[in-house]
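**Q** First, the structure itself, so that you have it in front of you.
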Number of protein chains: 2
Amino acid sequence: MTNGNTLLDALTQALGADAILHSEADMAGYTEDWRGRYKGPALCVALPGNTQQVSEVVRLCHAHGAPVLPQGGNTSLCGGAVPAAGGRPPVIVNLARMRRVRRVDAANNSMEVEAGCVLATVQEAAAAQGRLYPISLGAEGSCQIGGTIATNAGGTGVLRYGNTRDNILGLEVVLPDGSIWDGLTALRKNNTGYDLKHLFIGAEGTMGIVTAAVLKLHPLPSAHAVAWLAPDSPQAALDILGLFQRACGSRLSAFEMIDSNQLDVVMAHVPGRKNPLPGAHPWHVLVELSDTGDDAGLQELLQQILEQAASQGLLHDAVLAANGAQRAALWEVRHSVSEGNKKAGVGLTTDTAVPVSAVPRFIDEATRAVRELAPGLPVLIVAHLGDGNVHFIPFFTFDAWNALPDRDAMAAAIRRAVNDVAAALGGTFSAEHGVGRSSLAEMAHYKSPVELAMMRAVKQAFDPAQLFNPGRLLP
Amino acid sequence: MTNGNTLLDALTQALGADAILHSEADMAGYTEDWRGRYKGPALCVALPGNTQQVSEVVRLCHAHGAPVLPQGGNTSLCGGAVPAAGGRPPVIVNLARMRRVRRVDAANNSMEVEAGCVLATVQEAAAAQGRLYPISLGAEGSCQIGGTIATNAGGTGVLRYGNTRDNILGLEVVLPDGSIWDGLTALRKNNTGYDLKHLFIGAEGTMGIVTAAVLKLHPLPSAHAVAWLAPDSPQAALDILGLFQRACGSRLSAFEMIDSNQLDVVMAHVPGRKNPLPGAHPWHVLVELSDTGDDAGLQELLQQILEQAASQGLLHDAVLAANGAQRAALWEVRHSVSEGNKKAGVGLTTDTAVPVSAVPRFIDEATRAVRELAPGLPVLIVAHLGDGNVHFIPFFTFDAWNALPDRDAMAAAIRRAVNDVAAALGGTFSAEHGVGRSSLAEMAHYKSPVELAMMRAVKQAFDPAQLFNPGRLLP
């Protein structure tokens, strides 16, 4: 181990002064997360321009025993991509300069991209060839594809297309010792030994730096149909989901549920949003079908299923979007949830998933558990119901929050109570956001000793010096 | 390390005498593969009845330093599931007695099964609930689900539903030290640390014993449409594939290509098979669409695409199956390939995959490479074209084969030449069959030192004593 200045000099020598940021001012956008909740010092920010340079940076860090923090678009919700406050300041390796779309192979339904490509750029490059890269999420205008891989990003397309993991064919990774693994295969089938790419997907930068990837593409849907429904209950929503799956198969591309509390918050706090249905209903579902072909057939299919659901008494009311503008308006209500909640108060957002069949019971039991800790506290519910992923949000007005004697203790008690209910139903405390720094305590609490030991064995095998993104993911 | 008898006594004590086979006669079906190509001695065959017993067997083997060979239905094509001829005889752990379907959760589209369940049983249990478990392959009547997981089995449903890997939600595994990992989650989203299940899928029993799994189910298609086409060339077949993907999206469930040599062998050697099209054509494709809804709409869609293909000059001729019996007859031609080839001569079957876009070039170049080694030798081609998976089969009559001065050398030279062409196109030497014993030399030859080192590090982390399925997968 040597001191920081020697390493800084060596990095500057290797990459050039322009590619190494080390003043406090230059590093500001890299050392703090976008919500301002996590911040920590770094030795410097390295901006390599190609895989070879990433390898050189990592080799130098390895030789100097310096921690390495891989960073993409820095859009993490759990503090996974900025330095910890304590410990030796890491070298942040930000991939922003590696943003080439290397190749789109339309006939193979694949594309090879560098890790620094912004997700929206990747989507556009695919669409230009009549293909879909199906990962879609709020941060897509700024998150990098490498970050979505490191966190196995989810989003709104998971029901039909799976998570990021399901859309990766191959990876190029710089390993913790600086060696380069060229796993950039574009194959659909390849049974030649352990499938190493899955070790890095969702590993949150603790196993190496993803520098490039081969992504799986899909036919670009040409037809869409969207409806807003008011089911009688979460169980009725599930029954309707079953009708859709039977009748539409993989045409079903979104099945999102919110409760009336959540809809009320959006209506009250986000200007311009229109309540999709007249009257008050306890539960709301946005359903989307997409397909090849044209809209008309899909609209008709959607209409038929809604009639079926109504005839079974599952539905209070429903409205179908008649055109693209109406579809967008319905989605806008769904997408206004975060903005509404931020304005309305303090939500203790959880990122739970349970088996789809257990969602109604989870909502019931978690609500009861929270009410025991905070009688009368409203809960907002936003669920990717088709995936069993429920953002269950006990919600305080600003006044109620500020009046709490111990806010941290209340937040921790509520989170634990909700996660306990999920765990008892075979669920998880982090469906799509990852672990980062914010869920380390949950990892220690909910994971079995056997599973934690397995994870530590994997980490030890690849990063014995424990230099990569220390203090994240593994408690 | 102790001698075999002590271990045998301990195993008998733990599981009961009925569950431990050790006479040569009793072990015969376990120590040799079904084609009679690989055979080796075993200390005994253990038949545990539950996960706890598997754990006890493994703990005892671990304590005695005895190799462990996990075994399912023993249907491997590459010698992966029977003992090696040399080395210390292993304890074969066969899961046949663990064959409970523990639970079908239709609303979650999942089912939990024990590893010894036969694949066909799993398919039936899913279908009874209106769901599809989409892995389908020739050995489905005898292979065990645990074996399909250990080998990441492919088959005919991969184009639409992916490989086995893509249809596993959770696993239960007995690790090499005997500890039990309960990873039996039924979640669609779970970002809490490394995704450990992928370490065991496709690991060919070298990392532990899969004892149970949660499988992903799909809506059971109710509509089918099948056609047999005669495209002009492999490139024309690819162009037609593109038309189908654009127009049908995920309704496309099979796109299988064979060449005229292969069709001729089936017609000449398998009684009762009917040539689907009049006249002679160089290339043949079987295409299947499946969907919810009824057959009529799907037939019409298929008809439309064929007309489009014909109008673009891609197609010599085509026939649509009018009903279920005709569909079955077309599939029967495709499924008679192995039987025909076995009767007709000696095929040096390869299991290549290349990017889908590279298939025409692969066929051209591999044919040229083989002809240089064996002028005039016919090649049979059977391809899962939609997956880029080509079984490229240089084919000898029995007389020609027997006349060769050095058969092993010829076989090795031809395989290497074909695999070299695949490798140069970014392809693989084993798309779906795995490595087992038969492809160890290819692993050593084609995998990079970095990748082999990564695989060895993973193996070392979980099985430091190198007891699990030694001499398989890793050279």
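The values are calculated or read from the model by the stated rules, or taken from the named source; none is laboratory data. Given the structure is predicted, the values throughout are model-derived calculations rather than measurements. Backbone-built Cβ (ideal geometry, glycine too); neighbour counts: all protein chains shown. Keep in mind that these areas ignore ligands, DNA and RNA; they rest on the heavy atoms of the full protein, side chains included. Shrake-Rupley method; radii C 1.70, N 1.55, O 1.52, S 1.80 Å.
**Q** By per-residue mean of other Cβ atoms within 10 Å, what is the highest-first order of A:385-392, A:294-301?
**A** A:385-392, A:294-301
**Q** Still on this model: Could you provide, to the nearest whole Å², the per residue accessible area of the range A:381-422 with probe 1.4 Å?
**A** 38
**Q** Another question, then. One decimal, nm, shortest first: give the distances between the label point of residue B:166 and those of the same position in the other copies, each label point 7 Å from Cα along Cα→Cβ.
**A** In nanometres, ordered from closest: 0.9.
**Q** Go through B:39/B:216; A:274/A:343; B:39/B:459; A:197/B:342 and tell me which ones have a Cα-Cα distance over 29 Å in this structure. Mind dumping the intermediate values first?
**A** On the way: B:39/B:216 35 Å; A:274/A:343 17 Å; B:39/B:459 25 Å; A:197/B:342 37 Å.
Too far apart for the 29 Å limit: B:39/B:216; A:197/B:342.
**Q** May I ask you to compute the full-extension gain from residue B:456 to residue B:275, defined as 0.36 nm times their residue separation minus their alpha-carbon distance, rounded to one decimal in nm? Intermediate values should be presented prior to the final figure.
**A** On the way: separation 181, 0.36 × 181 = 65.16 nm, distance 4.92 nm.
Contour length minus the Cα-Cα distance gives 60.2 nm.
**Q** Could you tell me which residue out of A:444, A:15, A:257 lies farthest along the dipole of chain A toward its positive end? Charges go on the beta carbon: Lys and Arg +1, Asp and Glu -1, centred on the Cα centre.
**A** A:15
**Q** Give me the aspartates and glutamates in straight-line cross-link reach of residue A:447: C-alpha distance below 14 Å, same-chain residues under 8 apart excluded.
**A** A:420, B:182, B:195
**Q** Going by amide H atoms built from the backbone, whose H comes under 5 Å of the H on residue B:185, apart from near neighbours?
**A** When sequence neighbours closer than 5 places are left aside, the close amide H contacts are B:171.
**Q** For helix A:359-373, report the angle its Cα long axis makes with the longest principal axis of the Cα atoms of chain A; keep it between 0 and 90° and round to the nearest 10°.
**A** Roughly 80 degrees between the two axes.
**Q** Using C-alpha positions alone, give me the convex hull volume of the range A:278-385 per residue in cubic angstrom. Present the calculation step by step, with values, prior to reporting the outcome.
**A** Numbers: hull volume 17.0 nm³, N = 108.
Measuring per residue, one finds 158 Å³ for the Cα hull of the range A:278-385.
**Q** Right, another one. What nm distances, shortest first, do you get from the label point of residue B:272 to those in the other copies when the point sits 7 angstrom along Cα to Cβ?
**A** Result for residue B:272, in nm, nearest copy first: 6.8.
**Q** Averaged over B:195-204, how many beta carbons belonging to a partner chain fall within 10 Å of each residue's beta carbon?
**A** Mean partner shielding for this stretch: 5.
**Q** Under 8 Å for C-alpha pairs, at least 6 residues apart: give me the relative contact order for the range B:33-133, rounded to a whole percent.
**A** 28
**Q** Sticking with this one: Of B:169, A:390, B:310, which is farthest along the charge dipole of the protein assembly as shown in the positive direction, counting Lys and Arg as +1 and Asp and Glu as -1 at C-beta?
**A** Working it through, the farthest residue towards the positive pole turns out to be B:169.
**Q** May I ask you to rank B:161, B:446 by accessible area, largest first, using a 1.4 Å probe over the protein chains only?
**A** Order by accessible area, largest first: B:446, B:161.
**Q** Would you pull out the residues with amide H under 5 Å of residue B:43's amide H, same chain only if 5 or more places away, H placed 1.01 Å from N?
**A** Amide H neighbours of residue B:43: B:91, B:92.
**Q** If you don't mind, another one. Report, in debye and to the nearest 20, how large the dipole of the range B:221-334 comes out about its Cα centre when Lys and Arg carry +1 and Asp and Glu carry -1 on their Cβ.
**A** The calculation lands at about 160 debye.
**Q** Per the helix-only calculation at 222 nm, which mean residue ellipticity applies to the protein assembly as shown, given -39500 (n - 2.57) for every DSSP H run of n ≥ 4 and division by its residues, nearest 500 deg cm²/dmol?
**A** -11000 deg cm²/dmol
**Q** Please report, in debye to the nearest 20, how large the charge dipole of chain B is about its Cα centre when each Lys and Arg carries +1 at its beta carbon and each Asp and Glu carries -1 there.
**A** Details: 36 positive and 45 negative charges, 119 e Å.
So the dipole magnitude of chain B works out to roughly 580 debye.
**Q** Counting Lys and Arg as +1 and Asp and Glu as -1, each charge on the Cβ, what is the dipole of the range A:120-217 about the Cα centre in debye, to the nearest 20?
**A** Details: 7 positive and 8 negative charges, 86 e Å.
Computed charge dipole of the range A:120-217: roughly 420 debye.
**Q** Per the Cauchy relation, a quarter of the hull surface: what is the mean projected area of the convex hull of the alpha carbons in the range A:348-433, in nm²?
**A** Values: hull surface 20.7 nm².
About 5.2 nm², averaged over all directions.
**Q** Still on this structure: So what is the relative contact order for chain B, in percent, with contacts set as C-alpha pairs under 8 Å and at least six apart?
**A** 15 percent.
**Q** What is the mean projected area of the alpha carbon convex hull for the range A:101-219, to one decimal in square nanometres?
**A** 7.0
**Q** Summarise the partner chain shielding of A:177-189 as one whole number: the mean count of Cβ atoms from other chains within 10 Å of each residue's Cβ.
**A** Rounded to a whole number, the mean comes out at 6.
**Q** Between the DSSP loop rule and a limit of at most 13 other Cβ atoms within 10 Å, which chymotrypsin sites (Phe, Trp or Tyr not before Pro) in the range A:179-277 are left?
**A** Loop-located and lightly packed - none at all.
**Q** Could I ask something else about it? For helix A:324-335, what angle does its Cα long axis make with the longest principal axis of chain A, in degrees from 0 to 90 and rounded to 10?
**A** Once rounded, one gets 70 degrees.
**Q** Looking at the square roots a ≥ b ≥ c of the eigenvalues of the Cα gyration tensor of the range A:391-475, which shape do they give, rounded for a/c under 1.5, prolate if a/b is larger than b/c, or oblate?
**A** Since a/c reaches 1.5 and a/b is larger than b/c, the shape of the range A:391-475 is classed as prolate.
**Q** Here is a follow-up. Using alpha carbons only, what's the Rg to Rh ratio of the protein assembly as shown with Rh from Kirkwood? Write down the numbers at each step before the final one.
**A** Numbers: Rg = 28.4 Å, Rh = 29.4 Å.
My calculation of the ratio gives 0.97.
**Q** Every other copy gets compared here: list the nm distances from the residue B:97 label point (7 Å along Cα to Cβ) to its counterparts, shortest first, one decimal.
**A** Result, one decimal in nm: 6.4.
**Q** Further, regarding this structure: Given contacts defined as C-alpha pairs under 8 Å and at least six residues apart, what's the relative contact order of the range B:221-334, whole-number percent?
**A** Over the range B:221-334, the number comes to 48 percent.
**Q** Turning to a different aspect of this structure: Which distance in Å, rounded to a whole number, links the C-alpha centroids of the range B:315-339 and the range A:203-275?
**A** Cα centres, the range B:315-339 to the range A:203-275: 39 Å.
**Q** What residue among A:281, A:155, A:210 has its Cα farthest toward the positive end of the dipole of the protein assembly as shown, where the charges are +1 on Lys, Arg and -1 on Asp, Glu, each on the Cβ?
**A** A:210
**Q** Other chains near A:444-457: what is the mean number of their Cβ atoms within 10 Å of each residue's Cβ? Display every interim value, and only then the final one.
**A** Values: counts 0, 0, 1, 2, 5, 1, 8, 7, 1, 4, 12, 4, 2, 8.
That average works out to 4.
**Q** Excluding ligands, DNA and RNA, what is the accessible area buried between chains A and B, summed over both sides, using a 1.4 Å probe, to the nearest 100 Å²? Please list the in-between numbers first.
**A** Details: alone 20120 and 20130 Å², together 34420 Å².
The buried area between A and B, both sides summed, comes to about 5800 Å².
**Q** Straight-line reach from residue A:189: which aspartates and glutamates have Cα under 13 Å away, leaving out those fewer than 8 places along the same chain?
**A** B:166, B:351, B:387, B:432
**Q** Can you give the convex hull volume of the alpha carbon atoms of chain B per residue, in Å³?
**A** 157
**Q** Something else: Hey, what angle do you get for helix B:407-424 against the long axis of chain B, alpha-carbon based, 0 to 90 degrees rounded to 10?
**A** 70
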